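Throughout, read-outs are computed from the coordinates displayed, never taken from laboratory work. Because the structure is predicted, anything quoted here is derived from the model rather than measured. With ideal geometry, Cβ positions are generated from the backbone for all residues, glycine too; neighbour counts draw on all protein chains shown.
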Amino acid sequence: MKFKALLFFSAIFISCTTNLGTLSIASTEDFDLKSEYINIGIVSGKYQVPWFVIPLRDIRRFDKAIKSTIEENSISYITDLKIDETYVWLYLGGIVTIKVEGIGWRKIESKYNPSTGDKIN
């Protein structure tokens, strides 16, 4: 009986993760590499697409996952990022998740002395 229940649940619930790729640097907005940036550590974000028989939106939109990661963490760009895609099936529907993980960089706002024009920080 336990074997039949296990077989039944494994047939209707399946999950799979695939590495879509790795990138050296990525951003969805313009940024100036000549400016000063600070490393804020490892950041991650995701983009999810539900589906029922067919996907309800574009599935392979890793640019949206990168954009959501940048916006959630208030950073300018991401380096050394890894992009993974996870499918979860539950009979006729499920969810596709694109996860982005990398090192986030935030721009340092420079301050200047108004009388001399010298850089303060």
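Descriptive notes on the structure:
- The chymotrypsin sites (Phe, Trp or Tyr not before Pro) of region 33-121 that meet both conditions, a loop assignment by DSSP and at most 14 other Cβ atoms within 10 Å of the site Cβ, are Tyr91.
- Under a 5 Å amide H cut-off, with hydrogens placed 1.01 Å from N, Ser76 pairs with Trp105, Arg106, Lys107 among residues at least 5 apart or on other chains.
- In plain terms, if you count all Cα to Cα distances in region 27-121 and split them into 5 Å steps from zero, the share in each step is 3, 13, 19, 16, 13, 11, 8, 6, 4, 3, 2, 1, 1, 0 percent.
- What the Cβ-Cβ distance of Lys119 and Thr22 gives, at R0 = 41 Å and to the nearest 0.05, is a FRET efficiency of 0.70.
- In region 19-121, GluC sites (Glu not before Pro) in a DSSP loop with at most 13 other beta-carbon atoms within 10 Å: Glu29, Glu36, Glu109
- Neighbourhood net charge (13 Å Cβ-Cβ; Lys/Arg +1, Asp/Glu -1) for Tyr37: 0
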